[in-house]
Amino acid sequence: MMSSLFLYCILLWSIVGIFGSPTNSLKDQGRALFQFGRIISHITDRNPLDYNGYGCHCGSGSKGSKVVDAADQCCVAHDYCYNSAWYDYDFVTNDILCTDGLGTVDRAACECDRQAALCFRSSPYNPAYKDYPANQC
């Protein structure tokens, strides 16, 4: 568990700024990134770092307009959906239960992360798209 936490911290510093607007605090961005990483790990049984730099849209911003596969499309959908927030959730078997009140911003952020993780789980992961070159996008 400590090694996973360490990897999440490295991920935070490598893609800081991925979530929200520049007015969001680094603390809020770190919490949101940590939560998203835990959800990806739980839902997909993959290291969330696998998706950092994956395809043209996963990680710190899009590299172009091309979408290389279904997992890359998950990142496109997540980018449109996400609003950085600290939210409450529970792990339930192979799913996530968002526990903030319906209609709240925190609930919406949790649902965005949940949907992205479920999308990753149902999309084949192709190692050829890890650290995909920007000039190919």
Of all residues making up the stretch 50-106, the number that are at pLDDT below 85, touching a Cys at 6+ places or on another chain (Cβ under 7 Å) and not aromatic (F, W, Y): 2
- prompt: For V68, are the conditions met, namely being in contact (Cβ under 8 Å) with a residue 40 or more places away in the chain and surrounded by 13 or more Cβ atoms within 10 Å (Cβ to Cβ)?
  reply: yes
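This table checks each residue for (1) assigned to a helix (DSSP H, G or I); (2) without any contact (Cβ under 8 Å) to a residue 12 or more places away in the chain.
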site: Y80; (1), (2): yes, yes
site: W86; (1), (2): no, no
site: D100; (1), (2): no, no
site: R107; (1), (2): yes, no
site: C110; (1), (2): yes, no
site: R114; (1), (2): yes, no
site: A117; (1), (2): yes, no
site: R121; (1), (2): yes, no
site: P124; (1), (2): no, no
Search result, residues across the stretch 88-98 that are of a type outside the set (D, E, K, R) and either assigned to a loop (DSSP other than H, G, I, E, B) or surrounded by fewer than 17 Cβ atoms within 10 Å (Cβ to Cβ) (or both): F91, V92, T93, N94, L97
query: Which members of the stretch 1-49 meet the condition of being modelled with pLDDT under 90, surrounded by fewer than 20 Cβ atoms within 10 Å (Cβ to Cβ) and small (G, A, S)?
result: S3, S4, S14, G17, G20, S21, S25, G30
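The values are calculated or read from the model by the stated rules, or taken from the named source; none is laboratory data. It should be emphasised that the depicted structure is a prediction, and the values quoted were computed from it without experimental measurement. No Cβ is skipped: glycine too gets one built from the backbone with ideal geometry, and neighbour counts run over all protein chains shown.
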